[in-house]
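The values are calculated or read from the model by the stated rules, or taken from the named source; none is laboratory data. Here the structure is a predicted model, which is why all the values come from computation and not from measurement. A quick note on method: Cβ atoms are made from the backbone with ideal geometry, for glycine too, and the neighbour counts reach across all protein chains shown. Side chains are part of the model used for accessible areas, which takes the heavy atoms of the whole protein and leaves out ligands, DNA and RNA. Shrake-Rupley method; radii C 1.70, N 1.55, O 1.52, S 1.80 Å.
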Amino acid sequence: DGGITQSPKYLFRKEGQNVTLSCEQNLNHDAMYWYRQDPGQGLRLIYYSQIVNDFQKGDIAEGYSVSREKKESFPLTVTSAQKNPTAFYLCASSLHPGTGGEGTEAFFGQGTRLTVV
Amino acid sequence: KQEVTQIPAALSVPEGENLVLNCSFTDSAIYNLQWFRQDPGKGLTSLLLIQSSQREQTSGRLNASLDKSSGRSTLYIAASQPGDSATYLCAVILLWAAGNKLTFGGGTRVLVKP
């Protein structure tokens, strides 16, 4: 089945620990995105990438890092510098960023819920 | 800065009634607009994408309209069913030099009562 796979579904982080969230897509999409969802605040963009080896900061990038070494993979690392990491994290992809039309339609994974313990 | 608002935040209707969900945005220079459905604890499912050149898009019982000049989009769900209970989110898609950006509304939580 084509789609976006996020793992793990649930993740627990201790204070001062870095953790990495996985996002893999087999849709052959160029663009990938990471969003954070908090109750009452909607979805906010953390990072996005439109091609391999290139990525841009979103609105709330502080305390996060990403890599895009392969077209199908866009892992997100939540570092110890992120002071309030407990949230629901969503990965998305779209076919062709910047070309308009149906290529801008975004598809999402099932999310990873991160909790600080 | 683009702001997207969805009112009401929650809506409860009896089964069979038509649903009307509203989305407003402050900057009409959007490229496209997308509607999503989210079930509790799950990711987002794409429902409809309306391109800026279109005024509406239809899929089954769903119909979405777009009026860029007034900064509004409306999602209509005909003959609602209990399975339509979910949170519905709209997102405006902006074109950046570095790609696309989706800006989301806060969502409308819908409950369809049997």
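Quick notes on this one:
- Rounded to the nearest 20, the Cβ-based charge dipole of chain A about its Cα centre (Lys and Arg +1, Asp and Glu -1) stands at 480 debye.
- Taking 7 Å steps out from each Cα toward its Cβ at B:Lys42 and B:Arg72 produces label points 3.0 nm apart.
- With contacts taken as Cα pairs under 8 Å and at least 6 residues apart, chain A reaches a relative contact order of 34 percent.
- Taking the protein heavy atoms of the range B:1-84 in the context of the full set of protein chains, the accessible area attributed to carbon and sulfur is 47 percent at 1.4 Å.
- Label-point separation, B:Arg61 to A:Thr79 (7 Å along Cα→Cβ), nm: 4.8 nm
- Surface exposure of the protein assembly as shown, expressed per residue as accessible area with a 1.4 Å probe, stands at 47 Å².
- Of the trypsin sites (Lys or Arg not before Pro) in the range A:30-117, those whose Cβ has at most 10 other Cβ within 10 Å and which sit in DSSP loop: A:Lys83
- Checking every one of the GluC sites (Glu not before Pro) in the range A:17-71 against DSSP loop status and a limit of 15 other Cβ atoms within 10 Å picks out A:Glu62, A:Glu69.
- Label-point gap, in nm, between A:Asn53 and A:Asn26 - each point 7 angstrom along Cα→Cβ: 2.7 nm
- Solvent-accessible area lost on pairing B with A (1.4 Å probe, both sides summed) amounts to about 2000 Å².
- Within the protein assembly as shown: Cβ-based charge dipole about Cα centre, in debye rounded to nearest 20 (Lys, Arg +1; Asp, Glu -1): 460 debye
- Mean separation of Cα contacts under 8 Å, 6 or more apart, over the residue count of the range B:25-114: relative contact order %: 29 percent
- Those residues of the range B:30-60 whose amide nitrogen sits under 19 Å from the label point placed on A:Gln110, 7 Å along Cα→Cβ: B:37-47
- For chain B, a crude dipole built from +1 on the beta carbon of Lys and Arg and -1 on the beta carbon of Asp and Glu, taken about the Cα centre, is about 180 debye to the nearest 20.
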